[in-house]
Amino acid sequence: MTTDRSESGIPDTDAVRLVRGVVDAVETVIVGKRDVIELVLMAVLARGHVLVEDVPGLGKTVLSRAMARALGLKFARVQFTPDLLPQDLTGTLVFDQRSSDFTFRPGPVFTQFLLADEINRTPPKTQAALLEAMAEQQVTTDGESRALPDPFFVMATSNPIEYEGTYVLPEAQLDRFVARIRMGYLEPAQEASMLAERLSREVTERDLAAALEEGQLAKLCQLRSEVTVHPDLLDYIVAVVNATREHASVAVGASPRGGLAMGALAQAAALLDGRTYVIADDVKRVAVPALGHRLVIRPDLWATQITGDTVVEDVLSQVPTPRPEAEGVR
């Protein structure tokens, strides 16, 4: 696969085929949620982490396993519980009787695709260990830093309806997720179709074959970074981020990292759509997943229906959209 661009503004056709092939593969297992699958893949291409927040039974765990298989990445799952210790995640030193010395035994975080299941059920000390892994792609144990595999991607799940025995994720950790995604229920017709298919023949994520070969994901990530973002669209992203900080309902607005997340996700959206340039619709498509979880709503509004997502939607309706001629290089 090359990364050459054609004069028509279409990226390498093999790249487009590969990214769409990943989505198609995962969609054979996760029915009716192509937009969610694409958002997770966008986060991977943006070299970021994803928080999937929704009620149980919607396929969050299956989605993570299917995505890891389709990408050809080594997968590990950690069930986060109140008694999970940092060393249970990162690994620890163990005494080797044969050598009469201590050796490091890696924990499950030493993988390429980590599912942090019910991340809000583990205490702050373990959260901090995961935060280092997400932010620095390394872990520190017994005073020594150890690099994690490359690529390293975290998909965390959270149940928003249960509060007993849970811990609120710190703002610093939320800010490390490039996107927060909600899967939502299927439409009745889609759910009926899914039931009919699954009851007649069982298709699981274990049946998936890798859609990418070794090294292809790194090339796709590089190609994503080469997608053109017009200066006017960069100004638009900054204007949206600034508007969240000035919104009347917000105590703390989006950080500069939020703007970086919007830009990288918009580049990935353009790549999935077969373009080498970002358009305003790409930015609008990723704005809520990229910014909603980064906003802190004023305490006196917690009992209302106002959320970070609704604030971002309000901001998008108010900030002027750039001119069409600013939508990339054709």
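The values are calculated or read from the model by the stated rules, or taken from the named source; none is laboratory data. Quick caveat: nothing in here was measured; it's all calculated off a predicted structure. A quick note on method: Cβ atoms are made from the backbone with ideal geometry, for glycine too, and the neighbour counts reach across all protein chains shown.
Please work out if Gly72 is over 23 Å from Met262 (Cα atoms), at pLDDT 85 or above and either among the β-branched types (Val, Ile, Thr) or outside the structural domain of Arg257 (by TED's automatic domain parsing) (or both).
yes
Can you confirm whether Ser100 is hydroxyl-bearing (Ser, Thr, Tyr) and at positive phi?
yes
Quick check on the stretch 181-200: of everything there that is small (Gly, Ala, Ser) and surrounded by 13 or more Cβ atoms within 10 Å (Cβ to Cβ), which residue is modelled with the lowest pLDDT?
Among those residues, the one meeting the criterion is Ser193.
Restricting to the stretch 62-85, give me the number of residues that are polar (S, T, N, Q) and crowded, with 19+ Cβ neighbours inside 10 Å.
Number satisfying all stated conditions: 1.
For the stretch 45-80, how many residues meet the condition of being under 22 Å from Thr126 (Cβ atoms), β-branched (Val, Ile, Thr) and touching an Asp or Glu at 6+ places or on another chain (Cβ under 8 Å)?
2
Taking the options Gly215, Gly143, name whichever one is of a type outside the set (S, T, N, Q), within 27 Å of Leu114 (Cβ to Cβ), in the same structural domain as Gly59 (by TED's automatic domain parsing) and at pLDDT below 85.
On inspection, the qualifying residue turns out to be Gly143.
Please determine, by comparing only the residues of the stretch 160-174 that are assigned to a loop (DSSP other than H, G, I, E, B) and crowded, with 17+ Cβ neighbours inside 10 Å, which one is modelled with the highest pLDDT.
Here the residue is Leu169.
If I filter the stretch 245-267 for residues that are farther than 25 Å from Pro170 by Cβ, surrounded by 15 or more Cβ atoms within 10 Å (Cβ to Cβ) and touching a residue at least 12 places away in the same chain (Cβ under 8 Å), do I get at least one hit?
Yes, there is a match, as at least one residue in the stretch 245-267 is farther than 25 Å from Pro170 by Cβ, surrounded by 15 or more Cβ atoms within 10 Å (Cβ to Cβ) and touching a residue at least 12 places away in the same chain (Cβ under 8 Å).
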